[in-house]
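Report on one structure; see the data block that follows.
The values are calculated or read from the model by the stated rules, or taken from the named source; none is laboratory data. All values reported here derive from a predicted model rather than from experimental measurement. All accessible areas refer to the heavy atoms of the entire protein, side chains included, with ligands and DNA or RNA removed. Shrake-Rupley method; radii C 1.70, N 1.55, O 1.52, S 1.80 Å.
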Amino acid sequence: MIAEFILMNGYGLYVWSSFSVVLISCVALYLRTKKTLKKYENDFLIELQNLSAKEKNKVLENSKVAQHILAANTKIN
């Protein structure tokens, strides 16, 4: 029964190879996007740290994204 599922009446090679190509592409895209996002977060954190205390508080009050990035990076450091 499992062999029949894997072979899929002779089409298994095509089905499984296309499935693996799509899976590998999705993983590669995810990893690339995650790397790019981390780079942008680090750039934003550097800019945020260069602001004065008053400007930093204003940005943090108005931006949930800034709060999240700052909270995530203070836990790591």
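Observations
- Surface exposure of the stretch 2-76, expressed per residue as accessible area with a 1.4 Å probe, stands at 89 Å².
- With helices as the sole contributors, the chain gives -29000 deg cm²/dmol at 222 nm; each DSSP H run of n ≥ 4 counts as -39500 (n - 2.57), and the sum is divided by every residue.
- Surface composition of the chain: carbon and sulfur atoms hold 66% of the protein heavy-atom accessible area at a 1.4 Å probe.
- Partner aspartates and glutamates whose Cα lies under 15 Å from the Cα of Lys58, excluding those fewer than 8 positions away in the same chain, are identified as Glu47.
- DSSP H segments from the chain that extend 24 Å or more along their own axis, Cα-based, with Kyte-Doolittle mean of 0.0 or above: 12-49
- Read-out percent of Cα pairs over 17 Å apart, derived from the coordinates shown; its label in [x] 59; [y] 63; [z] 54: [y]
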